[in-house]
1. For the stretch 215-237, what are the residues that are modelled with pLDDT of 90 or more and polar (S, T, N, Q)?
2. Considering only residues that are modelled with pLDDT under 75 and touching a Lys or Arg at 6+ places or on another chain (Cβ under 8 Å), which ones fall in the stretch 143-179?
3. Restricting attention to the stretch 13-30, which residues are modelled with pLDDT under 90, open to solvent by less than 80 Å² (accessible area, probe 1.4 Å) and under 38 Å from the mean Cα position of the chain (by Cα)?
4. Just wondering, is there one or more residues in the stretch 75-90 that are hydroxyl-bearing (Ser, Thr, Tyr), surrounded by fewer than 22 Cβ atoms within 10 Å (Cβ to Cβ) and under 30 Å from the mean Cα position of the chain (by Cα)?
5. Might you check whether a residue that is modelled with pLDDT under 90 and aliphatic (A, V, I, L, M) occurs anywhere in the stretch 95-105?
6. Filtering the stretch 31-47 down to residues that are of a type in the set (Gly, Ala, Ser) and free of Cβ contacts under 8 Å to residues at least 24 places away in the same chain, which residue is least open to solvent (accessible area, probe 1.4 Å)?
7. Return a yes/no flag: does the stretch 124-133 have any residue that is under 23 Å from the mean Cα position of the chain (by Cα), modelled with pLDDT under 90 and open to solvent by 60 Å² or more (accessible area, probe 1.4 Å).
8. Tell me which residues, restricted to the stretch 114-149, are of a type in the set (Asp, Glu) and in contact (Cβ under 8 Å) with a residue 40 or more places away in the chain.
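The values are calculated or read from the model by the stated rules, or taken from the named source; none is laboratory data. Source: prediction; values computed, not measured. In this analysis, Cβ positions are derived from the backbone assuming ideal geometry, glycine residues included, and neighbour counts consider all displayed protein chains. Heavy atoms of the whole protein, side chains included, go into the accessibility calculation; ligands, DNA and RNA do not. Shrake-Rupley method; radii C 1.70, N 1.55, O 1.52, S 1.80 Å.
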Amino acid sequence: MFAYGPEGVDEHDDVDPEKLADLIGKRPVVWIDVDGYGDATLIERVASKLDLHPLAVEDATNPFQRPKFEEYPSHAFVVTRMARCTEHVFSEQLAIFLAKGFIVTIQGEHPGDSLEPVRKRIRMDQGRIRSEGADYLAYAIIDAVVDNYFPVIDEFGDQLEQLEDDLTIRSVSDSVERIQHAKQDLLVLRRAVLPMRDVINTLVRDETRFVGKQARLYLRDVYDHTVQLMDVIGSYREMTAGLMELYLSGVSNRMNEVMKVLTLVSTIFIPLTFIVGVYGMNFDPAKSPYNMPEIESRYGYPIVMACMAALALVLVLYFKRKGWLAPTK
């Protein structure tokens, strides 16, 4: 818990929920951060002490909520999603309860979050955060969540560029799998950012007694960031579709090269097969009206083989001169 104001800040760990009501009000703003929603009893105790609506608490403990904004008599309720990037991109829910003088955030059980810059600003008294109210803290939290998407997007863009370079040189064996993973990651990002953009737009556009005019002015900047994120995600989706086309084009080109080689080999052997077929017919030259003297000639066999080898060599040289045997660059 952070309790702060212009005159100072108090930071507490492992706060007893029974003492929350007594701590709120001693400083202008109190921020209570519940890390992990696995302990339903703990969250219910916090909710009962701070008069949080049961429907909002139920949504906060469900980790698969879509980003949204709802207003209740005693507080406003905002759901956002924090971006995480390990082996693949995923998002984690962050629920925000905004009331007069305090904020409660409930986040998932994965270690770390996007809110450390906000904590640092409170501790170091950076910017205006300690001189503003709880609505400004809500803006700072949402802004930190949105800004954390940019390094994830940048890292994702670097991976796409590397994949494009690999496909340009040669289609590697795991290209399809990497492209499919990229499409899934982009879908996760889009599902998180798109509704979050609508939520922030609602906070900016609609007047609510929990968010002041000054805070809505700052939230407009966060809304611009979400629009920028959606533009980048859209560009990367088009780039991913282009990568699949590039991969299929590379596979098709390699198949064409194989077919060309096989066709040329077949073309070389067609006249040789014809010659062998002619001399392989079972006609007795003594009884035939047409004489085939090379069959009875002592050097007939090596002469025919030499002619066949010369014909094959001529065809190979002709194909090479035409450039048909050279690999396509």
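1. The answer is 226, 228.
2. Matches in the stretch 143-179: 171 only.
3. Applying the first criterion (modelled with pLDDT under 90) to the stretch 13-30 yields 13-27.
Next, only the ones that are open to solvent by less than 80 Å² (accessible area, probe 1.4 Å) stay: 15-17, 20-21, 23-25, 27.
Listed by number, the list holds a single entry, 15.
4. Initial filter on the stretch 75-90 (hydroxyl-bearing (Ser, Thr, Tyr)): 80, 86.
This time we only want the ones that are surrounded by fewer than 22 Cβ atoms within 10 Å (Cβ to Cβ), so: 86.
Still in the list and also under 30 Å from the mean Cα position of the chain (by Cα): 86.
Yes, because at least one residue in the stretch 75-90 is hydroxyl-bearing (Ser, Thr, Tyr), surrounded by fewer than 22 Cβ atoms within 10 Å (Cβ to Cβ) and under 30 Å from the mean Cα position of the chain (by Cα).
5. no
6. Ranking the candidates gives 47 first.
7. No, every residue in the stretch 124-133 fails to be under 23 Å from the mean Cα position of the chain (by Cα), modelled with pLDDT under 90 and open to solvent by 60 Å² or more (accessible area, probe 1.4 Å).
8. Just the residues of the stretch 114-149 that are of a type in the set (Asp, Glu), to begin with: 116, 125, 132, 135, 143, 147.
The answer is 125, 132, 135, 143, 147.
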